[in-house]
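The values are calculated or read from the model by the stated rules, or taken from the named source; none is laboratory data. Everything quoted here is computed from the prediction, not taken from an experiment. Cβ: placed from backbone, ideal geometry, glycine included. Neighbour counts: every protein chain shown. Ligands, DNA and RNA are excluded from the accessible area calculation, which covers all protein heavy atoms including side chains. Shrake-Rupley method; radii C 1.70, N 1.55, O 1.52, S 1.80 Å.
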Amino acid sequence: MAMIYKEPSHTFGEYLIVPGYSSAECVPDAVSLRTPVVRHKRGEDAALYMNIPMTSAIMQSVSGEKMAIALAIEGGISFLYASQSIESEAQMVRNVKSFKKGFVTSNSNIRPDATLADILELKKKTGHSTVAVTDDGTAHGKLLGIVASRDYRVSRMDPATLVSTFMTPMDQLVVAKHTTTLKEANDIIWDNKINTLPLVDDDGHLVYLVFRKDYDSHKENVNELLDQNKSYVVGAGVNTRDYEQRIPALVQAGADVLCIDSSEGYTEWQKRTLEWTKKRYGNKVRIGAGNVVDADGFRFLADCGADFVKIGIGGGSICITREQKGIGRGQATAIIEVAKARDEYYKETGVYVPICSDGGIVHDYHITLALAMGADFVMLGRYFSRFDESPTNRLRMGGSYVKEYWGEGSNRARNWQRYDMGGDEALGFEEGVDSYVPYAGSLKDNVGVTLYKLRSTMCNCGALSLPELRDKARLTLVSSTSIIEGGSHDIILKEKAE
């Protein structure tokens, strides 16, 4: 008969952190969240660190180039999704690596023969109040004007009014050449008391926009994650089918770290991919693998050369792998076992292989639990999909804004490579769903709150670093009654104002 575990597997929602002694030095601002991303030997530094322990999932609905830039600014890494053509993923990498801080590629563009109704619809989708008017309606078309919220009055104008009649035309705009430095651009903005400065090439085509509101924020990004060339660090997903073509293209484009995108990592397919990568590139290319849920899976991937190992099967909010196939494990139990295996591997070999918790995060404090249980960093899908920077549409449903969110195993994504078992090149059945998540605003604002909660809880444990958190944290299983007790109860809540 099958081997049966004596103990049930547990989820994050079944644990709480028991506070420990906090000294006067334990204040949130003193906490360091720096964490290694890739394997390294005892006594040596890792080749890549993050300043916050957060990565975004390898998903179409989560990790595009906007997400990669925004997360790198905060100190984390986004892994661009692999379920696209090799060239388009490589181009995403190039776009992130060539991004000039403070210089924004316009994401809201329109043609001059569009109407006010089109402007309002575009604003509803993007949330942007500044729209570039170009001859072809693209981000790099010939600039003809700008539409800002001050240029129209919805209550007094016909929705059919042409954009060309109310935009601020090119001859009334303050513009600068695309070779302008950020300091020069900011001086022009302040000297002319404008909110937006378009940068154009010699033929008048729009290249970038520089915003007044970004000036202060760029001075505040003390955690931004940069490579040796002062470009943003970016990760990229790969699969176990076309890796011999995809990996060279991503490396040439400048990807800093790769990760095999797969629902299950304890396979010969991952072994082949890792061994090919290490044979061709050695330690010049760093690549993570997964996903696994036990010590055997971790040891297998570590021995194959994985630079980090991802943990989690079936715990994602849009994942139905457990429902469809009956495989997986409670995320908390999986992390605890794999973290123990990682520490044993380190003692035996002198090589530390970081582990990443992927899935199962519902509340912010679950991130703290994952890190306390032994994860070096977490990978988040639903969490990041809610933000402006995710590559999906913002929609209005039932009086509230939502964003689209779908799984890589859904019929929409059709990412059969992620679930490849060596058979037909097709998605045999769905392992993910198509859904909506509540719109939450900007990444920066939300990540800031999440990280403050993390730092505050670490102080409750007397920990000023993630290794200290793992050493000092004390966790307790809770009963179903304790879970109810933990929220508001036995009261009548006031209705929140709209």
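Just a few scattered comments:
- Total formal charge among the other residues, if their Cβ is under 12 angstrom from that of Asp227, Lys/Arg +1 and Asp/Glu -1: 0
- Relative to the dominant Cα principal axis of the chain, helix 268-281 is inclined by about 70°.
- Debye log10 I(q)/I(0) at q = 0.10, 0.11 Å⁻¹ for the chain, Cα point scatterers: -0.83, -0.99
- Distance between the modelled labels on Ile194 and Lys494, one decimal in nanometres: 4.5 nm (7 Å Cα→Cβ projection).
- Annotation: per residue accessible area for the chain equals 48 Å², rounded to a whole number [probe 1.4 Å, protein chains only].
- For the stretch 264-311, with all protein chains in place and a probe radius of 1.4 Å, 44% of the accessible heavy-atom surface sits on carbon or sulfur.
- Net charge of neighbours whose Cβ lies under 11 Å from the Cβ of Arg386, counting Lys and Arg as +1 and Asp and Glu as -1: 0
- Taking Tyr5, Tyr439 and ordering them by how much accessible surface each has at a 1.4 Å probe, largest first, produces Tyr5, Tyr439.
- Summing charges over all other residues whose Cβ lies under 14 Å from the Cβ of Thr368, with Lys and Arg as +1 and Asp and Glu as -1, gives +2.
- Considering only Met170, Leu493, Val62, and ranking their Cα positions along the charge dipole of the chain that arises from unit charges at the beta-carbon of Lys, Arg, Asp and Glu, the one farthest toward the positive end is Leu493.
- Pairs exceeding a 31 Å alpha-carbon distance, out of Lys97/Lys279; Lys97/Lys472; Lys230/Lys453; Lys340/Lys444; Lys279/Lys340; Lys310/Lys453: Lys97/Lys472; Lys340/Lys444.
- Using the average count of surrounding beta-carbon atoms within 10 Å as a protection proxy, the listed peptides 335-342, 114-121, 346-353 rank, highest first, as 335-342, 114-121, 346-353.
- The residues Ile483, Ile318, sorted by heavy-atom accessible surface at 1.4 Å with ligands and nucleic acids left out, run Ile483, Ile318 from largest to smallest.
- The distance linking the stretch 325-382 with the stretch 101-177 is 46 Å (Cα centroid to Cα centroid, whole angstrom).
- Between 0 and 90°, nearest 10: helix 182-192 axis offset from the chain longest Cα axis: 40
- Take the Cα of Thr138, step 7 Å toward its Cβ, do the same at Arg474, and the gap between the two points is 6.3 nm.
- At R0 = 56 Å, FRET efficiency that the Cβ-Cβ distance of Asp303 and Arg212 yields, to 0.05: 0.55
- Rounded to the nearest 500, the 222 nm mean residue ellipticity of the chain from helices alone is -9500 deg cm²/dmol, with -39,500 (n - 2.57) taken per DSSP H run of at least 4 residues.
- Among 155-166, 67-78, the order from most to least packed when residues are scored by Cβ within 10 Å on average: 67-78, 155-166
- Here r is the Cβ-Cβ distance between Asn283 and Val222 and R0 is 30 Å; the resulting FRET efficiency, rounded to 0.05, is 0.55.
- Counting only residues at least eight positions apart within a chain, or on another chain, there are no aspartates and glutamates with an alpha carbon under 12 Å from that of Lys6.
- R0 of 25 Å, Cβ-Cβ distance Asp242-Thr126: FRET efficiency to nearest 0.05: 0.15
- In the chain, the DSSP beta bridges split such that about 55 percent are antiparallel, to the nearest 5.
- Figure note: Trp406, Trp276, Trp190, Trp269 ranked by solvent-accessible area, largest first, 1.4 Å probe, ligands and nucleic acids not counted: Trp190, Trp269, Trp276, Trp406.
- Free-standing Cys, the chain [no other Cys Cβ under 4.7 Å]: Cys259, Cys304, Cys319, Cys356, Cys461
- The convex hull of the Cα atoms of the stretch 262-398, projected and averaged over all directions, covers 10.3 nm².
- At the residue level, Ile491 shows approximately 110 square angstrom of accessible surface with a 1.4 angstrom probe and all protein chains present.
- Helix 243-253 axis, angle to the chain major axis (alpha carbon atoms, nearest 10°): 50
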